[in-house]
Amino acid sequence: MDKKKTNEWPRHGIQALWALLTNSYLAGFAQGKIYKGKLKNLCVPGMNCYSCPGAVGACPIGALQAVIGSWNFKFAFYVAGFLVFVGALIGRFVCGWLCPFGLIQDLLYKIPFPKKWKTFRGDKLLRKLKYVILLVFVILLPLFLVDILGQGAPYFCKLLCPVGTLEGGIPLVLLNQTIHSALGWLYAWKNVLLIVTILLSILIYRPFCKYICPLGAIYSVFNPISVFRYRVDEEKCIRCGACARACKMQADPVQNANHPECIRCGQCKKICPTGAITSGCLKKGTLK
């Protein structure tokens, strides 16, 4: 049973393949420049920094900040529509299977450490922080703190996001000497946040996803109503608690099969001794 529980490598393989596909502009790594072709106008589902030298698409959170309050209404509607469409279709499946930074956190958590923190006092309250960050840094600040042209800055990307530092900031600094003169306290601050995130990811499963990620906050709202959903068959369920113990996001499928924190990694399905948990595009009437 434990062997089933820990065998996540097939999912990690899909995560890695998707990360390679969405960061396939290899010339960017050789030249120290970012891709600016037409594909960059399209969003990818997960957190993948626009400034990554290999990125061929745009991060939906970065794109959302760029267009909030701007005159470019068509692109604003596209970004909002994209987020609603993906969320309504698969919810936080994106977090579990299609987010490159999710893969990085998954692998960091596999590093052996004497004591892993599954939960702690204030954990549930702290998980609401990602909704505050979404509201303040992604929506309100770009909407109201604008320049003379009425354009807001991407405050979340600029001040908080460790994904941009890892995928964009560090590679561009290493590959492009001309950027060195522009480095300052903000770059140092972002590196401190990245180091803290990396260290916490060894101790806590996906701390960025649980407490910080505004994209996860958006998709979590759609988990209970998305087309792709989880189901618990009450007739098969023996209330053994194995699924709840297997969930690293501390969601209990028996209580709520489509909990907002569920990233749909599938570990609960693998560990269930009776096969009571299934997933797919299921009819609403058959879902618990």
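The values are calculated or read from the model by the stated rules, or taken from the named source; none is laboratory data. The shown structure was predicted, so the numbers you read here are calculated from the model rather than taken from an experiment. For neighbour counting, all protein chains shown are included, and Cβ atoms are generated from backbone atoms with ideal geometry for every residue, glycine included. Accessible surface areas use protein heavy atoms only, side chains included; no ligands, DNA or RNA. Shrake-Rupley method; radii C 1.70, N 1.55, O 1.52, S 1.80 Å.
Can you tell me which residue among Leu215, Leu194, Leu183, Leu134 is open to solvent by 30 Å² or more (accessible area, probe 1.4 Å) and either of a type outside the set (D, E, K, R) or within 23 Å of Pro253 (Cα to Cα) (or both)?
None of the other options fit; the residue is Leu183.
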_Pairs with Cβ under 6 Å, 6+ apart, first in segment 99-127 and more than 30 Å from Cys43 (Cβ to Cβ), second surrounded by 14 or more Cβ atoms within 10 Å (Cβ to Cβ)_ = Ile111/Ile202; Phe113/Ile202; Trp117/Leu203; Trp117/Ile204; Thr119/Gln250
_segment 144-158, subset open to solvent by less than 70 Å² (accessible area, probe 1.4 Å) and of a type in the set (A, V, I, L, M, F, W, C), residue nearest to Tyr187 (Cα to Cα)_ = Cys157
_Anything in segment 73-124 that is farther than 25 Å from Gly266 by Cα, in a helix (DSSP H, G or I) and open to solvent by 10 Å² or more (accessible area, probe 1.4 Å)? List them, or say none._
Phe73, Lys74, Phe75, Ala76, Phe77, Tyr78, Ala80, Gly81
*Out of segment 34-72, which residues are assigned to a loop (DSSP other than H, G, I, E, B) and at pLDDT below 90?*
Ile68, Gly69, Ser70, Trp71, Asn72
_Residues that are in a helix (DSSP H, G or I) and at pLDDT 95 or above: does segment 143-153 have at least one?_
no
_Tell me yes or no: at least one residue of segment 159-173 is without any contact (Cβ under 8 Å) to a residue 40 or more places away in the chain, under 24 Å from Gln15 (Cα atoms) and open to solvent by 30 Å² or more (accessible area, probe 1.4 Å)._
yes
